[in-house]
Amino acid sequence: QVQLVESGGGLVQPGGSLRLSCAASGRTFSSYAMAWFRQAPGKDREFVASISASGSFTYYADSLKGRFTISRDNAENTVYLRMNNVKPDDTAVYYCAARAAGTSYLPDNYQYWGRGTQVTVSS
């Protein structure tokens, strides 16, 4: 069982930066692939980025490459999402998810989810 708690969301101006964190419980964090998804009002949940259990491999939604960076600290049981040059279209609830297997871009493949953290990009 893995429990996930996101933090770091808030209001940010266009062009600004934000770092989201996801703290995981349990001693097996390093065996889980992790991912970030987001969901804007009226839209489906959307893949943002994923990272392998070791942290060696990362994957991004094509539209977000170059602006977002996913990383993890297995000693701290935490995964991060660095968001640079944010845009109003990045406004959404951001969720982290864990999977006891390789990474995936499909939300249905993840067994554990946090409650999400709201990111609002507005001037």
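The values are calculated or read from the model by the stated rules, or taken from the named source; none is laboratory data. Fair warning: this is a prediction, and the values are worked out from it, not measured in the lab. Please note that ligands, DNA and RNA were not included when accessible areas were found on the heavy atoms of the full protein model with its side chains. Shrake-Rupley method; radii C 1.70, N 1.55, O 1.52, S 1.80 Å.
Taking a 1.4 Å probe, which of TYR94, TYR60 shows the most accessible area, and what order do the others take after it? Show your work: numbers first, answer last.
On the way: TYR94 0, TYR60 50 Å².
I get TYR60, TYR94, largest accessible area first.
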Which whole-percent values make up P(r) of the chain when all C-alpha to C-alpha distances are grouped in 10 Å steps starting at zero?
-> 15, 51, 29, 5, 0
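Pairs of alpha-carbon atoms within less than 8 angstrom and 6+ residues apart define the contacts here; what relative contact order does the chain have, in percent?
Values: 310 pairs, mean separation 44.8, N = 123.
Value for the chain: 36 percent.
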With the contact rule set at Cα under 8 Å and sequence spacing of 6 or more, what percent relative contact order holds for the stretch 8-48?
-> 24 percent
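If each residue of separation counts as 0.36 nm, what is the full-extension length gain between SER17 and GLN118 once their alpha-carbon separation is subtracted? Display every interim value, and only then the final one.
On the way: separation 101, 0.36 × 101 = 36.36 nm, distance 1.43 nm.
Length difference between fully extended and current span is 34.9 nm.
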Could you look at the chain and say what percent of its accessible area is carbon and sulfur, using a 1.4 Å probe and all protein chains?
-> 44 percent
Just how much of SER25 is accessible, in Å², when a 1.4 Å probe is used and the result is rounded to the nearest 10?
-> 50 Å²
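Express the accessible area of the stretch 1-112 per residue in Å², computed with a 1.4 Å probe while the remaining protein chains stay in the model. The partial results should precede the final answer.
Values: 5780 Å² over 112 residues.
Per residue, the stretch 1-112 has 52 Å² of solvent-accessible surface.
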Per-residue HN-Hα couplings for the stretch 98-105, Karplus 6.51 cos²θ - 1.76 cosθ + 1.60 at θ = phi - 60°, whole Hz, x for Gly and Pro?
-> 10, 9, 7, 6, x, 5, 8, 9
